[in-house]
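Undergrad: Dropping the structure in here first, questions after.
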Amino acid sequence: MKKLIQNKVDKKAISQFPRAIFDGKIVVVVSQAEAERAVDYLLAQPVLGFDTETRPSFKKGVHHKCSLLQVSTSNCCFLFRLNHIGLCPAVKRLLADNTVTKVGLAWRNDALGLHQLGDFEMGEFVDLQDMARKIGIEDQSLAKLYANVFGERISKREQLTNWERDVLDDHQKRYAATDAWACVQLYNEFKRMIENNDYQLVIVPEITTKNNEETIS
């Protein structure tokens, strides 16, 4: 039986799903020497998931630069604290690489944030939203894609925390690692589904509200 995939997922239903949490090793990178060793390790892996975090601003006209780059394998995630090390040569080497499959979601937006830190060459990236469109999925946020494909919930509770604090707490580290790791999981499953034609798209009816009554169309 083919895997059932919906074109859209119900946000209310997602809240009832079990939580997906990365339970692998997390390494925080705070020096250029550590970055060199981390990149050497990462470029020997088959697939890498990427994501970034930026300190939120709650004041009009105040914007912060990207402060964290998280890069994950299937069982180990490195958190590059860019507010400490910047776009050091090792990070630029990682971003420019074209030998390893690098995966992100809406990665163009992350790339814009990284380019604000300095000039660098951007290698080829696979965008999960492009893969989702091939299947026919319309809801393409990371949380909705993961819920749709795996039936698990990714918490976004830590998203608006201070990513420039001196020491990231355990909740922040786990949140950041989970997002990058989820990219690896989704890429591998999308690739499997597409190559084996092992999915069936289920079209969810539109629900509209009219005169306080829900209507299915």
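Undergrad: In debye, nearest 20, what is the charge dipole magnitude of the range 3-216 about its Cα centre with +1 on Lys and Arg Cβ and -1 on Asp and Glu Cβ, if you could check?
TA: Dipole size: approximately 400 debye.
Undergrad: Sorted from largest to smallest, which semi-axis lengths in Å does the alpha carbon gyration tensor of the range 56-150 give for its equivalent ellipsoid, taking the root of 5 times each eigenvalue?
TA: 24, 19, 13
Undergrad: Still on this model: Test of understanding: what is the full-extension gain from residue 188 to residue 108, defined as 0.36 nm times their sequence separation minus their Cα-Cα distance?
TA: 26.7 nm
Undergrad: With angles folded into 0 to 90 degrees, how steeply does helix 170-196 sit against the dominant principal axis of the chain? Use alpha carbons for both and round to 10.
TA: 60 degrees
Undergrad: If you project the alpha carbons of the range 3-216 onto their three principal axes, what span does each projection cover, largest first, in Å?
TA: If we take the Cα atoms of the range 3-216, the spans are 58, 45, 30 Å.
Undergrad: In this model, which of 25/102; 8/102; 12/60 are farther than 24 Å apart at the alpha-carbon?
TA: 8/102; 12/60
Undergrad: Describe numerically, in nm with one decimal, the distance between label points set 7 Å from Cα along Cα→Cβ at residue 122 and at residue 204.
TA: That separation, rounded to one decimal, is 3.0 nm.
Undergrad: Just want to confirm a number: the relative contact order over the chain, from Cα pairs under 8 angstrom separated by 6+ residues, in percent.
TA: That works out to 32 percent.
Undergrad: Another question, if that's okay. Towards the positive end of the charge dipole of the range 3-216, with charges on Cβ (+1 Lys, Arg; -1 Asp, Glu), say which of 201, 185, 22 has the farthest Cα.
TA: Looking along the dipole axis, the top candidate is 22.
Undergrad: When the Cα centres of the range 80-109 and the range 16-79 are compared, how far apart do they sit, in Å?
TA: 10 Å
Any read-out appearing in this document is the output of simple, stated calculations on the displayed coordinates, not a laboratory observation. For clarity, every value in this text was computed on a predicted model and none was experimentally measured. Note that each Cβ is placed from the backbone with ideal geometry, even for glycine, and that neighbours are counted across all protein chains shown.
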